[in-house]
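*Asks:* Please see the structure below; I have some questions.
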Amino acid sequence: MELGEGIRWTDRGIVLVDILAGRLLTAVGHPADPLRQLAQLPVPLGAVAPVADAPGTWIAAAGTGICLLAPDGSTRWLAQPDADAARPMRMNDATTDPFGRFWAGSMSYDADEGAGSLYRVDHDGTVTRVLDDITVPNGPAFTADGATMYLADSARGVIRRYPVDPATAELGPPEVFVTVDDGSPDGMVVDVEGALWVAVWGTGSVRRYLPDGRLDRTLSLPARQPAGVCLQEDLLHITTARVGLAEPGPYDGAVFTARVDVPGRLATAYRHDGSASFPGERS
């Protein structure tokens, strides 16, 4: 893959994206088997989540906003808040919280300082900008109770931790959780002990941080740009990227799997409120 990210363990299996190619992929069968393409969009595809009670439908951070991706490959846009931005923008990483809300980050193509935002999609399909002044947002990742959100600003080398009101999803004041000096924190996932696994771009490593911020362990890879992580029970899946490398190695852009001691949980589906239809235009 050129830029493998957004890997998730869902009730429909392992899914991941090749962002700049707009490809949604799934892993089937043996880990060494080729990935199968589920869909391809004409715009960058940052990450997806399954939509509850809608078999084959995904909510996606794509292009300059959020859309629903139907089984036939058509899209219904909920919002495209960055469509008219002063500089070319695209969506990046995204995930659901334990309550079934969808959270997605945006960035400029050139990673301009502070150009990105974080958006939240509520159960009625409303899209709200909740944070701005982010350069390259990755994650977010949530604790099992939904009371804490981790968000990386990769270009600035920092992971912040936010309290989350479970009733309103409002974010409280952040604190710096970890600062990475030798690379860029990228995709993240929380395990059942509340520790945070982080793909560290540029270092060929994935790191596990304890809830108090201490580094617990480091997993080394034969690929320089780890970009996404997910836990499928006790299997840690890692995506990597070839983009930007003058001479990619044989494993740059591959997906890796390692067995770990502490398992993770199934990703939550996006849950809508059961209204007859979502807002937005179909294409």
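*Asks:* Scan the chain and hand back the longest stretch that contains none of the chymotrypsin sites (Phe, Trp or Tyr not before Pro) lying in DSSP loops with at most 16 other Cβ atoms within 10 Å.
*Replies:* On the way: sites that count: Phe99, Tyr109, Tyr251.
After excluding every exposed loop site, the longest remaining stretch is 110-250.
*Asks:* Also, I was wondering about something else. Got the relative contact order for the chain handy, in percent, Cα pairs under 8 Å and 6 or more residues apart? Please list the in-between numbers first.
*Replies:* Details: 824 pairs, mean separation 47.4, N = 283.
Reported relative contact order: 17 percent.
*Asks:* If you don't mind, there's one more thing I want to ask. May I ask for the equivalent-ellipsoid semi-axes of the chain, computed as the square root of five times each C-alpha gyration tensor eigenvalue and listed largest first in whole Å? Don't skip to the answer; put the middle values down first.
*Replies:* Values: eigenvalues 125, 90, 76 Å².
Equivalent ellipsoid semi-axes, largest first: 25, 21, 19 Å.
*Asks:* Go through segment 244-256 residue by residue and turn each phi into a ³J(HN,Hα) via Karplus (6.51, -1.76, 1.60, θ = phi - 60°); whole Hz please, and just put x for glycine and proline.
*Replies:* Karplus values, whole Hz, x for Gly and Pro: x, 8, 5, 9, x, x, x, 10, 5, x, 8, 10, 10.
*Asks:* Taking springs between alpha-carbon atoms closer than 10 angstrom, which of Gln37, Gln232, Gln80 fluctuates most in the Gaussian network model of the chain?
*Replies:* With Cα springs under 10 Å in the chain, the top fluctuation among Gln37, Gln232, Gln80 is at Gln37.
*Asks:* Now for a different question. Largest first and in whole Å, give the semi-axes of segment 143-280's equivalent ellipsoid, each being the square root of 5 times a Cα gyration tensor eigenvalue.
*Replies:* Details: eigenvalues 147, 70, 53 Å².
For segment 143-280, the semi-axes come out at 27, 19, 16 Å.
*Asks:* Could you work out which residue, out of Asp97, Asp216, Asp252, moves most in a Gaussian network model of the chain, that is, has the largest mean-square fluctuation with Cα springs under 10 Å?
*Replies:* Among Asp97, Asp216, Asp252, the largest GNM mean-square fluctuation belongs to Asp216.
*Asks:* Something else now. Would you pull out the residues with amide H under 5 Å of Thr203's amide H, same chain only if 5 or more places away, H placed 1.01 Å from N?
*Replies:* Ser184
*Asks:* Find how much the distance from Ala246 to Asp261 grows on full extension, using 0.36 nm per residue of separation minus their present alpha carbon separation; answer in nm with one decimal.
*Replies:* Numbers: separation 15, 0.36 × 15 = 5.40 nm, distance 3.58 nm.
Gain on stretching Ala246 to Asp261: 1.8 nm.
*Asks:* For the chain, set up a Gaussian network in which alpha carbons nearer than 10 Å are linked by springs, and say which option among Gly253, Gly187, Gly202 fluctuates the most.
*Replies:* Of the options given, Gly202 has the highest mean-square fluctuation.
*Asks:* Karplus couplings for segment 92-104 from phi (6.51 cos²θ - 1.76 cosθ + 1.60, θ = phi - 60°), rounded to Hz, Gly and Pro as x?
*Replies:* With the stated coefficients, segment 92-104 comes to 10, 6, 7, 7, 9, 8, x, 9, x, 8, 10, 10, 9 Hz.
*Asks:* What ³J(HN,Hα) values, in whole Hz, does the Karplus curve 6.51 cos²θ - 1.76 cosθ + 1.60 give for segment 2-9 when θ = phi - 60°, with x put for Gly and Pro?
*Replies:* After applying 6.51 cos²θ - 1.76 cosθ + 1.60, I find 6, 9, x, 8, x, 6, 9, 9 Hz.
*Asks:* Okay, next question. Quick one: Cα centre-to-centre distance for segment 150-188 and segment 206-247, in angstrom?
*Replies:* A separation of 17 Å, based on Cα centres.
Every read-out reported here was derived from the displayed coordinates using simple, explicitly stated rules and does not represent laboratory data. In this text, all values refer to a predicted model and were calculated from it rather than measured experimentally. Every residue, glycine among them, receives a Cβ derived from its backbone with ideal geometry; neighbour counts consider all protein chains shown.
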